[in-house]
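The values are calculated or read from the model by the stated rules, or taken from the named source; none is laboratory data. Here the structure is a predicted model, which means the values were calculated and not measured. Using ideal geometry, Cβ is built from the backbone for each residue, glycine included, and neighbour counts are taken over all protein chains shown. Side chains included, ligands, DNA and RNA excluded: accessible areas come from the protein's heavy atoms. Shrake-Rupley method; radii C 1.70, N 1.55, O 1.52, S 1.80 Å.
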Amino acid sequence: FHSVALSIDALGNLYIADQFNHRIQKWVPGANEGVTVAGGNGSGSNANQISYPLGLAINESGDLFVSSHTGHYVTKWAQGANSGTIVAGGNGQGSNANQLNGAWGIAVDNSDNLYIADYNNDRIQKWVAGATSGTTVAGGNGSGSNTNQLNHPSGIQLIDNNLFISDNGNNRIQKFNISSNQGVTVAGGNGSGSNANQLSLPSTIS
């Protein structure tokens, strides 16, 4: 399989976004095979399907949040459920506050607020739990390399009040405080290349 995202829970179980199989696989520590815990019913928009999952996050209750890259939405899969519910996007491809365009990486906080790498909109969207639209907390000022811009953000991690973002098109990792739409480069940012101070299309981060 081809995987682009993974997450691990407090028990050490590994969850893998199995992109081209349109499913999330769970691997228990020591296991030599995985179990499908979300999707696995082909690519599509039905509640029991996932279409090209590129982002994955898990909350403290063991619920999974999965981004459907080509469906432009994020679904929540309660632990043990065989179908998901849309919790972000789902209003077609676009740049309005209630839309996503190529959803990629996801981070979730203790209140189930989501931070979504909105890849083709060059922004990070925060969706408060239960909300019907998101707010931009990083980027959203067009594609570019200024401190308030991103270029196809893909991976994302939330640590305390800071977002760490794989700024794919800028070959850098950006750190944004969630209260300020100004980023600081913490890795790369020196063009695409293989030197020690460079990155080349970084896609995920942990």
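Ordering TRP104, TRP127, TRP27 by how much accessible area each has at a 1.4 Å probe, largest first, what is the list? Provide the component values of the computation, followed by the final result.
On the way: TRP104 35, TRP127 5, TRP27 70 Å².
These residues rank, largest area first, as TRP27, TRP104, TRP127.
With all protein chains kept in place, the per residue accessible area of region 1-120 amounts to 44 square angstrom at a probe of 1.4 angstrom. Mean separation of Cα pairs under 8 Å and 6 or more residues apart, divided by the residue count, gives the chain a relative contact order of 11 percent. Which Cα, out of GLY130, GLY183, ASN162, lies furthest along the positive dipole direction of region 40-189 (beta carbon charges, K/R +1, D/E -1)? Final value for the positive-end residue is GLY183.
Considering only protein heavy atoms and a 1.4 Å probe, what is the carbon-and-sulfur percentage of the accessible area of region 28-80? Here carbon and sulfur together make up 43 percent of the probe-accessible area.
Once the 1.4 Å probe is applied to the protein heavy atoms, region 144-206 comes out at 49 Å² accessible per residue.
Quantify, in whole percent, the carbon and sulfur part of the accessible surface of region 102-206 (1.4 Å probe; protein heavy atoms only).
Values: 1870 of 4530 Å².
The computed percentage sits at 41.
Cross-link partners for LYS76 among the lysines, with Cα-Cα distance under 16 Å and sequence neighbours closer than 8 places in the same chain left out: LYS26, LYS126.
Using a probe of 1.4 Å, the accessible surface attributed to THR136 totals some 60 Å² when neighbouring protein chains are kept in position. Accessible surface for THR147 stands near 70 Å², nearest 10, in the context of the full protein assembly shown (1.4 Å probe).
Net charge dipole, region 83-192: roughly 140 debye, given to the nearest 20, about the Cα centre with Cβ charges of +1 for Lys and Arg and -1 for Asp and Glu. Residues SER83, SER61, ordered by accessible area of protein heavy atoms at a 1.4 angstrom probe radius and largest first, appear as SER61, SER83. The loop-placed trypsin sites (Lys or Arg not before Pro) in region 62-144, going by DSSP, include none that has at most 12 neighbouring Cβ atoms within 10 Å of its Cβ.
What the phi angles of region 90-101 give under the Karplus curve with 6.51, -1.76 and 1.60, with θ = phi - 60°, is a coupling list of x, 10, x, 6, x, 10, 5, 4, 9, 10, 10, 9 Hz, glycine and proline written as x.
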